[in-house]
1. Kindly indicate whether Val35 is in a loop (DSSP other than H, G, I, E, B), of a type outside the set (Lys, Arg) and either at pLDDT 60 or above or exposed (fewer than 13 other Cβ atoms within 10 Å of the Cβ) (or both).
2. Spot the failing condition for Val68; the list is (1) crowded, with 17+ Cβ neighbours inside 10 Å; (2) modelled with pLDDT of 95 or more; (3) of a type in the set (A, V, I, L, M, F, W, C), and only one is missed.
3. Of everything in the range 53-72, what is touching a residue at least 12 places away in the same chain (Cβ under 8 Å) and part of a loop (DSSP other than H, G, I, E, B)? Give them in sequence order.
4. Which ones in the range 160-175 are closer than 20 Å to Leu87 by Cβ and either without any contact (Cβ under 8 Å) to a residue 40 or more places away in the chain or touching a Lys or Arg at 6+ places or on another chain (Cβ under 7 Å) (or both)?
5. Any residue that is aromatic (Phe, Trp, Tyr) and modelled with pLDDT of 85 or more - is there at least one of those in the range 102-118?
Amino acid sequence: MSSPAKPPAEKITTPPPINPKKKSFSSPNEMVTFVAGTGDKQETFQIHKQIACENSEVWNRAFNSVFVEGQTQTYRIEDTGPEVFRLLTQWVYREKFDHIHSGDWDASHCDDFASMVQCMVEDSALLHLWVLAEKFLIPRLQNYTMRILCNKVFICNPNLSSKDCRYVYDNTADGSALRRFLIEHNCWGKTSSFHDKNSFSYPVEVLGDIIMALKRQLPENVRARKCSQMTGDNYLVEEILLPNLDWIRIRAILRIMAAKDGLSGRSTRLG
């Protein structure tokens with residue numbers, strides 16, 4: 001006698017993750033105020049409190065605390081300009097923001113000088129926005145911003161200045177994803193923003209990280225071959241007998257030696 005057929009196993013459906021942005025908008029009239037910038041470059045923004053608190057745990061704790069932000073429902077951000085905070089405001093409502101390539105990843109603007117300048121200004125703003133998102137613990141905004149920066153590498157190649165590099169290194173920790181992007185962009189970008197003529201203006205940490213990034217990409221067999229080629233003949237100086245030196249060159253050498261010894265005042269006696 002055959003055993004009775006087993007009933008089909010119950011299908012278990014995992015519910016989709018709850019998106020906090022899909023919560024019911026229970027307090028549409030409750031607003032919080034953000035003051036971005038200082039002096040003449042200061043601007044005030046108002047955001048629904050529920051939206052702000054759902055996007056940032058930092059804001060949630062601040063606006064629901066006994067501290068000044070909780071009492072005044074106002075948050076001041078003096079180290080960020082209005083143009084950067086405006087992008088953040090757009091994102092908390094739409095999970096996207098307007099940028100020069102919005103809807104059209106086309107490099108045609110590179111032929112227009114005004115658009116190129118606008119794009120360069122935006123590159124800097126995006127770096128500031130990433131740092132701001134890290135400050136307020138909004139990783140989704142960090143990743144959205146990073147994707148835009150990376151896409152721009154293939155379209156118009158961000159021209160990141162030494163000032164941008166200094167800002168990133170002053171406001172991020174060692175190993176930061178933004179630091180890695182900046183270094184690898186300088187190493188592998190179509191046209192690096194790093195040039196010999198302005199290398200002195202770059203932070204020492206940036207130059208060191210660029211060297212290490214390049215070194216890590218060098219295959220071990222190439223490094224071994226290059227090392228084997230480091231013979232003494234590659235690093236010799238020209239040997240000139242003293243009688244063959246003219247007086248002008250001798251004076252130049254003596255001036256250099258005097259300057260190094262801190263005796264530049266005496267070098268004038270050499271003529």
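The values are calculated or read from the model by the stated rules, or taken from the named source; none is laboratory data. Treat the numbers as computed from the prediction; the structure is a model and nothing was measured. Note: ideal-geometry Cβ built from the backbone for every residue, glycine included; neighbour counts use all protein chains shown.
1. No, not satisfied.
2. Val68 satisfies all of (1) crowded, with 17+ Cβ neighbours inside 10 Å; (2) modelled with pLDDT of 95 or more; (3) of a type in the set (A, V, I, L, M, F, W, C) except (1).
3. Correct list: Ser56 only.
4. Leu160, Ser161, Lys163, Val168, Thr172 - these are the residues of the range 160-175 that are closer than 20 Å to Leu87 by Cβ and either without any contact (Cβ under 8 Å) to a residue 40 or more places away in the chain or touching a Lys or Arg at 6+ places or on another chain (Cβ under 7 Å) (or both).
5. No, there is no match, as no residue in the range 102-118 is aromatic (Phe, Trp, Tyr) and modelled with pLDDT of 85 or more.
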